[in-house]
Amino acid sequence: MACVESVLVVGGGIAGLCLAIGLRDRGVAVDIVEVKQEWTVYGVGIIQQSNVVRAMADLGIVDRYLDAAFPFENPCLYGPDGRLLAKLPGLRLAGPDYPANLGVSRLALHNVLVDEARKRGAGVTLGASVASIEADAEGVDVVFTDGRSGRYDIVVGADGLYSRVRELLFGDRYRPRFTGQAVWRHNFPRPEAMDHLCAYPTPNGNAGLCPLSHDTMYMFVTSAEPGNPRMPEDQLPALMRDRLKDYGGIIAELRETISDPAEVVYKPMEVVFVDEPWFRDRVILIGDAAHATTPHLAQGAGMAIEDAVVLADELGRRDDWKDAFQSFHGRRFERCKAISQGSIQVGEWEINHSPEADHKGMLVAMITLAAEPI
Ligand SMILES: Cc1cc2nc3c(=O)[nH]c(=O)nc-3n(C[C@H](O)[C@H](O)[C@H](O)COP(=O)(O)OP(=O)(O)OC[C@H]3O[C@@H](n4cnc5c(N)ncnc54)[C@H](O)[C@@H]3O)c2cc1C
């Protein structure tokens, strides 16, 4: 039996939904409070690696999840001209019957997680957040922004980069920081040959293509954007084409078709890392709320999902939530820190056109670390 009976999860994103699934399977009552009134996500893709496939198997939703995704084995690195440079390891961590890696549209992933959380009986309130959280010896009193209130055994902040729960715990000690780079993304129809993650790292940035479904793939490119300028929406296609001007091959062909501002998704990179225990009293942070990093290693959501798996596991098998929090933190802190720092490092190499840049070495180190048991 779990050491808690009722949990409030603040934030119905990837981490919060996975935690709700893991806790409901252990008989814990879960309420999710999600600030968005329209509970959806923007429609570009996400790369999920072998450790995430393993985590989804732990959550018991791997088959449904794979149905929504495009599986592949080995990610490959190419020169900007399209020449193959390296084939990276593809590890089948969930077992021989499951793929090593996959691409999935964010919306498809969201729909699977929402459906699985609801099916298991997680309560969901949309369009609200937490106004205050007050812990005492027996529980936590929460006042919501819509005027309701509730009492729970613990509260989990899964509310992302600009976490309100983090602010309630730590004030303004941890503020998101712009790293100096941004990512540009665009969906395209998938040609049959584009059946694995293709990355084209250069000294200045990294472009790539990832299949998302039978019909769709997405392109990404990172770029230095000093000063974090606001990008006028009508200029997004021209600006994205400009950031792709050094690439040849298929990237150059696709570049010339970028013309619709509504199809370009631009995102400045922001990071935060809570460099001390991620909990106080009965309140704990998971996912981006505790450790948002850059997308260079494609592991932010991976770490968020693993957090959810590990926290559900700890709360499920410990007698005391304090021990569960401690043990959770012990299992997660160094791993998330290494991924976070490695990812930021790649971005710094790109910004500084660093001669030390070793994309392949960093990716292999990340794959090796991610393969370790959690
Ligand atoms: C450009 C880009 C590309 C990326 N690509 C990858 C990739 O390929 N692979 C990968 O693994 N990771 C990737 N990531 C990282 C990944 O998106 C995040 O790490 C992941 O979304 C974190 O999940 P989360 O649930 O912690 O936070 P989020 O996904 O941000 O979810 C937080 C949820 O909380 C809600 N919320 C926010 N504030 C409140 C509040 N006050 N009250 C209630 N609810 C609130 C939000 O609306 C949201 O639903 C990428 C990130 C970026 C920026």
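Please treat every number below as a calculation from the coordinates, not as lab data. These figures come from a predicted structure and were not determined experimentally. Every residue, glycine as well, gets a Cβ built from its backbone with ideal geometry; the counts of neighbours run over all protein chains shown.
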Taking the chain, the lysine pairs whose C-alpha atoms sit under 23 Å apart (8 or more places apart or on different chains) add up to 8
In sequence order, what are the phi-derived ³J(HN,Hα) couplings for region 358-374 according to the Karplus relation 6.51 cos²θ - 1.76 cosθ + 1.60 with θ = phi - 60°, rounded to whole Hz, with x for glycine and proline?
9, 4, 5, x, 5, 5, 5, 4, 5, 4, 5, 5, 4, 6, 5, x, 9
Alpha-carbon centroids, region 240-275 and region 282-350: separation in whole Å:
28 Å
Taking H placed 1.01 Å from N in the peptide plane, check which residues at least 5 places from Asp25 or on another chain put their amide H under 5 Å from its amide H.
none
Choice from Gly12, Gly45, Gly248 showing the highest fluctuation, given a GNM over the chain with Cα pairs closer than 10 Å
Gly248
Between Arg177 and Ala29, how many nm apart are label points set 7 Å from Cα along the C-beta direction?
4.2 nm
Hey, fewest Cβ within 10 Å first, where do Leu212, Leu109, Leu236 land in order?
Leu236, Leu109, Leu212
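Taking the number of other C-beta atoms within 10 Å as the exposure measure, put Cys3, Cys210, Cys198 in order starting with the fewest.
Working: Cys3 19, Cys210 29, Cys198 24.
The fewest-first ordering by Cβ neighbours comes to Cys3, Cys198, Cys210.
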What is the spin-label model distance, in nm, from Asp215 to Asp63 if the labels are put 7 Å beyond Cα along the C-beta direction?
2.6 nm
Over the chain, what is the relative contact order in percent, taking alpha-carbon pairs closer than 8 angstrom and at least six residues apart?
22 percent
For the chain, longest principal axis from Cα atoms; helix 300-317 axis from its Cα atoms; angle between them, nearest 10 degrees, is 20 degrees
At a 10 Å Cβ-Cβ cut-off, how would you order Phe325, Phe333, fewest neighbours first?
Phe333, Phe325
Between the modelled labels at Ser6 and Glu276 (7 Å from Cα along Cα→Cβ) the distance in nm is 3.0 nm
Protection proxy ranking, peptides 254-261, 59-66, 281-288, average beta carbon neighbours within 10 Å, highest first:
281-288, 59-66, 254-261
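So what is the orientation-averaged projected area of the chain, using the convex hull of its C-alpha atoms, in nm²?
On the way: hull surface 70.6 nm².
Over all viewing directions, the chain projects a mean Cα-hull area of 17.6 nm².
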In whole angstrom, how long is each semi-axis of the equivalent ellipsoid of region 11-146, when you take the square root of 5 times every eigenvalue of its Cα gyration tensor and sort them from largest down?
35, 18, 13
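Counting every Cα pair in region 179-269, what percent are over 15 Å apart? Display every interim value, and only then the final one.
Numbers: 2315 of 4095 pairs.
Roughly 57 percent, once rounded to a whole number.
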Residue by residue through region 288-298, the couplings from Karplus 6.51 cos²θ - 1.76 cosθ + 1.60 with θ = phi - 60°, in Hz, x for Gly and Pro, are 4, 4, 9, 7, 7, 10, 7, x, 4, 9, 6
Rounded to the nearest 500, what is the chain's calculated 222 nm mean residue ellipticity when only DSSP H runs of at least 4 contribute -39500 (n - 2.57) each, over all residues?
-10500 deg cm²/dmol
Please list, in order along region 68-84, the HN-Hα scalar couplings obtained from phi with the Karplus expression 6.51 cos²θ - 1.76 cosθ + 1.60 (θ = phi - 60°), rounded to whole Hz, x for Gly and Pro.
8, 10, 10, x, 8, 9, 9, x, 10, 9, 10, x, x, 8, x, 6, 5
